[in-house]
1. Rg(Cα) of chain A divided by 2.2 N^0.38 Å?
2. Given A:Cys185, A:Ala167, A:Gln210, which one lies farthest toward the positive end of the charge dipole of the stretch A:137-308, if we put +1 on the Cβ of every Lys and Arg and -1 on the Cβ of every Asp and Glu?
3. Along Cα-to-Cβ, 7 Å out, sits the label point; list in nm, shortest first, how far the one on A:Gln206 is from those in the other copies.
4. Go through A:Gly14, A:Gln127, A:Ala86 and say which Cα lies farthest out towards the positive end of the charge dipole of chain A; charges sit on Cβ, +1 for Lys and Arg, -1 for Asp and Glu.
5. What FRET efficiency comes out for the pair B:His97/A:Val99, r = Cβ-Cβ distance, R0 = 51 Å, nearest 0.05?
6. From Cα coordinates alone, what are the radius of gyration and Dmax values for the stretch B:211-293 in angstrom?
7. Between A:Ala217 and B:Ser329, what FRET efficiency comes out of the Förster formula 1/(1 + (r/R0)^6) with R0 = 45 Å and r the beta carbon distance, rounded to 0.05?
8. In terms of Cα to Cα distance under 26 Å, which lysines are near enough to A:Lys22, apart from those fewer than 8 places away along the same chain?
2 protein chains.
Amino acid sequence: MTMTQNAGDGSLFGVVDVGGTKIVAGIATEGEILATEKIPTEVMGGADAVTARIAGAIRSVQAQLGLEGRPLAGVGVSVPGPLDTALGIVSFTPNLHWVDYPVAARLSAALDGVPVYIDDDANCAGQGEAAFGAGVDYAHQVYLTISTGIGGAVIVDGRIDRGFRDAAGEVGHMTILPGGPDCLCGNSGCLEAIASGTAIARRARQLMIQGQDPTLARLTGGDPERVTAPMVFEAAASGDVLCQTVLDDVANYLGIALANIVMVLNPQAIILGGGVMEQAEVLLPLIDRRMRMHLIKVQREGLVLKRAALGDNSGLMGALQLVRRRRVSAASGDVS
Amino acid sequence: MTMTQNAGDGSLFGVVDVGGTKIVAGIATEGEILATEKIPTEVMGGADAVTARIAGAIRSVQAQLGLEGRPLAGVGVSVPGPLDTALGIVSFTPNLHWVDYPVAARLSAALDGVPVYIDDDANCAGQGEAAFGAGVDYAHQVYLTISTGIGGAVIVDGRIDRGFRDAAGEVGHMTILPGGPDCLCGNSGCLEAIASGTAIARRARQLMIQGQDPTLARLTGGDPERVTAPMVFEAAASGDVLCQTVLDDVANYLGIALANIVMVLNPQAIILGGGVMEQAEVLLPLIDRRMRMHLIKVQREGLVLKRAALGDNSGLMGALQLVRRRRVSAASGDVS
């Protein structure tokens, strides 16, 4: 995978995207990822083993490129949150079984003291899209990833806004339907509980169990447990009115959530990524219409709703943006 | 009215708070409003006449202080929005009958070319509280005014975030109860339609019309049109269970709205002002509990929910903060 923007000053960076099942690590210049390696996460080996294998993958890519003698200016790491970006600690990540794990310090130690910067996956994806993808033209933007869960990133005046304790952008847990379906977070009616890929499949499954949806019955061979979000889109595309209604509701909830975000932040652009957005052709116009219904003229004018452009690479490109921004900040004494 | 923070460099500023019925204009130093004059707005005379009388009031206060020879470094004006802060134009203010009115240029012309900066009333009140009031300790904060309407201001890293088109902080029009009561903005279920002073009175009035509320019947002499928000608080305090329930619902809606804002921005503090907050002793603990129910641990920890401290002076103090910040920005080429 390569992606070019500008050559920069010749510095080399490490970039890492840590997921629950796989990790992608690579070497990048200021504007381009030169090469990457994908390794399984293997959570059960423990956090330090994961860190050691990340360091190994970075060294391996560096060697493949014939750049093993060149020092790295820094490493940017995208990890699931919540976390403390200043201390480089992942506070609690169920997927990885990490609790208060100082991943930045440990990875730095494994890489001869190279500075390591971390940010959560949604913030990284948002920064990647803002710096290299669908958001390059906008100083004020909000990124949402709509997948099994829903996360986000807030960019104000070209800078990521992490809030007071690195917990800004948790848009998946905005209450959109008070008294609505329970959410894994302990609340009910959260956006994630009614508009994520998981929620789409769950709602369709309920309709199928009620015997209301022959298309899904056919697609799943009659087993409600096999309903997936892509199946709901497929059924809707084939004319299944119930599945179309499920998607209308999802677009309505997302439209309300986005409009609420616009009311607070008045961004110029909203960028939507994540697996559910593979269906952007169907979903984006529905969401756009619903969102605009709620906005005042000045907010609606010039507001762009776009699909993310970097696909699976947004996190890695965001890790690159993170490390190059952090390096500049560290040099200038800025703390952003 | 005087308020001291620091003496500054000896510069003098004009400060103005324009409302639909009255205008307060005054003279201030960097940290202190020296004296003010209150004049009726007299909307029907037209925008230019209002501007001329604002200029007159500023000159009059300056003369009273024996400072008529001293040039003003700038004038800060709080006006109802929406507006364009960069151009100094009020786009549309029903209360004032102003449409695309270049108030900054006109007031500047009436004051021998002194630079005039404008911001909307909620942003000014929020900046006033952040610089001189309840918000002085917090870099990340959100201000809400809960009155006949609901407005707000977003402060990120110590700077007001106006968004792309000066339309950030419109928290009163977040949809909190989809399908709920109609709002003046054309939508339904907006926070303002279910939790403003107007909404509190409306809901109680409905209950009284249904014959359910003998306390209100007594307080109003049987005329539902006479129900006001303070009456609802009075009835609730006297043990009226229906009015207590109305306030519980209001606290619930405000709690959801504030939690949604925290999900997006993770601020350190939320400051609540406006007339309804004169009942803060009753309402604040209810709102606080509801809000925290929805938050994740890291957002809840260290988050402060406070009543505004400057009362009616928040707008004027915010106009002062606006003009002193703008002057510094203008000198440094910054545009914030």
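The values are calculated or read from the model by the stated rules, or taken from the named source; none is laboratory data. Predicted model only: the values in this text are computed from it and were never measured. Counting neighbours? That spans all protein chains shown, and the Cβs are built from the backbone with ideal geometry, glycine included. To get the accessible areas, we keep the full protein, side chains included, count just its heavy atoms, and leave off ligands, DNA and RNA. Shrake-Rupley method; radii C 1.70, N 1.55, O 1.52, S 1.80 Å.
1. 1.03
2. Farthest towards the positive pole: A:Ala167.
3. Computed spacing set for this position: 2.5 nm.
4. Checked the options; the winner is A:Gln127.
5. 0.25
6. Here Rg and the maximum Cα pair distance are 14.7, 46 Å.
7. Efficiency for this residue pair is about 0.10.
8. Leaving aside lysines fewer than 8 places away in the same chain, those within reach of A:Lys22 are A:Lys38.
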